[in-house]
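Working notes, structure below.
The values are calculated or read from the model by the stated rules, or taken from the named source; none is laboratory data. All of these numbers come straight from a predicted model, not from anything done at the bench. For neighbour counting, all protein chains shown are included, and Cβ atoms are generated from backbone atoms with ideal geometry for every residue, glycine included.
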Amino acid sequence: MISVVSKIIKYILGKDIGGETIRYIIVGALTTLVNFGLFELMHVVFGIGVTASNVTSISASILFAYITNKLVVFRQRSDSAAALALEFCKFVGSRLFTMVLEVGVVALFYNILGFDAWLGKVLAQILVVIANYIISKVLVFRKKP
């Protein structure tokens, strides 16, 4: 399993370390700040439950990520409203998949294992960032021939 993950990471980093990958890392960091910042605001400042805060913060970060990934990271333009709608649906669908992954990991660590919610959130982010890049690159923002 570790060798497979290692090969995937080497492949991703070897493809475009000067451009797209660096942009993805920067945009990903900003998206994570939106996610964590809203989570902190809702859960810690306003006392809203962990799951509600997590789902809301992930949803806001999905919208932020779509716009920034489309325009900044992958530099994609849509030819039509239909193409834009399809791309957006693929992006949101893929992010809903990774949101379920993230919510599950956070719930596992917080509710079942009794760890701090932040620990679960950080560990989940590692998995989610890798999955999101691969899905976006291969499925959503695939370069047209």
Taking only segment 68-82 into account, find how many residues are within 23 Å of Ile58 (Cα to Cα) and exposed (fewer than 12 other Cβ atoms within 10 Å of the Cβ).
0
Of the conditions (1) modelled with pLDDT under 90; (2) assigned to a helix (DSSP H, G or I); (3) farther than 13 Å from Asn54 by Cβ; (4) out of contact with any Asp or Glu (no Cβ under 9 Å at 6 or more places or on another chain), Lys90 satisfies every one except a single condition; which number is it?
(1)
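Output the residue which, of all residues in segment 93-110 that are surrounded by 19 or more Cβ atoms within 10 Å (Cβ to Cβ) and in contact (Cβ under 8 Å) with a residue 40 or more places away in the chain, is nearest to Gln125 (Cα to Cα). Step through it out loud before you land on a result.
Step one: filter segment 93-110 for residues surrounded by 19 or more Cβ atoms within 10 Å (Cβ to Cβ), giving 94-95, 98-99, 102, 105-106, 109-110.
This time we only want the ones that are in contact (Cβ under 8 Å) with a residue 40 or more places away in the chain, so: 94, 99, 102, 106, 110.
Details: Ser94: 15, Met99: 10, Glu102: 7, Val106: 10, Tyr110: 15 Å.
Selected residue: Glu102.
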Is it true that Gly120 is farther than 25 Å from Glu20 by Cα and surrounded by 18 or more Cβ atoms within 10 Å (Cβ to Cβ)?
yes
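Sort out which residues of segment 35-62 are among the hydrophobic types (A, V, I, L, M, F, W, C), assigned to a helix (DSSP H, G or I) and loosely packed, with under 14 Cβ neighbours inside 10 Å, and write them in order of number.
Taking segment 35-62 and keeping what is among the hydrophobic types (A, V, I, L, M, F, W, C), we get 36, 38-39, 41-42, 44-46, 48, 50, 52, 55, 58, 60, 62.
With assigned to a helix (DSSP H, G or I) added as a condition, the list becomes 36, 38-39, 41-42, 44-45, 50, 52, 55, 58, 60, 62.
Val44, Val45, Ala52, listed by residue number.
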With the structure loaded, tell me whether Gly114 is modelled with pLDDT of 90 or more and on the phi > 0 side of the Ramachandran plot or whether it fails that test.
yes
Restricting attention to segment 111-145, the residues that are of a type in the set (A, V, I, L, M), without any contact (Cβ under 8 Å) to a residue 60 or more places away in the chain and more than 15 Å from Asn69 (Cβ to Cβ) number exactly 8
Checklist (1) surrounded by 15 or more Cβ atoms within 10 Å (Cβ to Cβ); (2) part of a helix (DSSP H, G or I) applied to Ala85, failing item
(1)
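Tell me, please, whether a residue that is charged (D, E, K, R) and either under 26 Å from Gly19 (Cα atoms) or touching a residue at least 40 places away in the same chain (Cβ under 8 Å) (or both) can be found in segment 29-44. Steps first, please.
Of segment 29-44, the ones charged (D, E, K, R) are 40.
From what is left, the residues that are either under 26 Å from Gly19 (Cα atoms) or touching a residue at least 40 places away in the same chain (Cβ under 8 Å) (or both) are none.
For segment 29-44, residues charged (D, E, K, R) and either under 26 Å from Gly19 (Cα atoms) or touching a residue at least 40 places away in the same chain (Cβ under 8 Å) (or both): absent.
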Return a yes/no flag: does segment 75-96 have any residue that is within 21 Å of Ile130 (Cβ to Cβ) and aromatic (Phe, Trp, Tyr).
yes
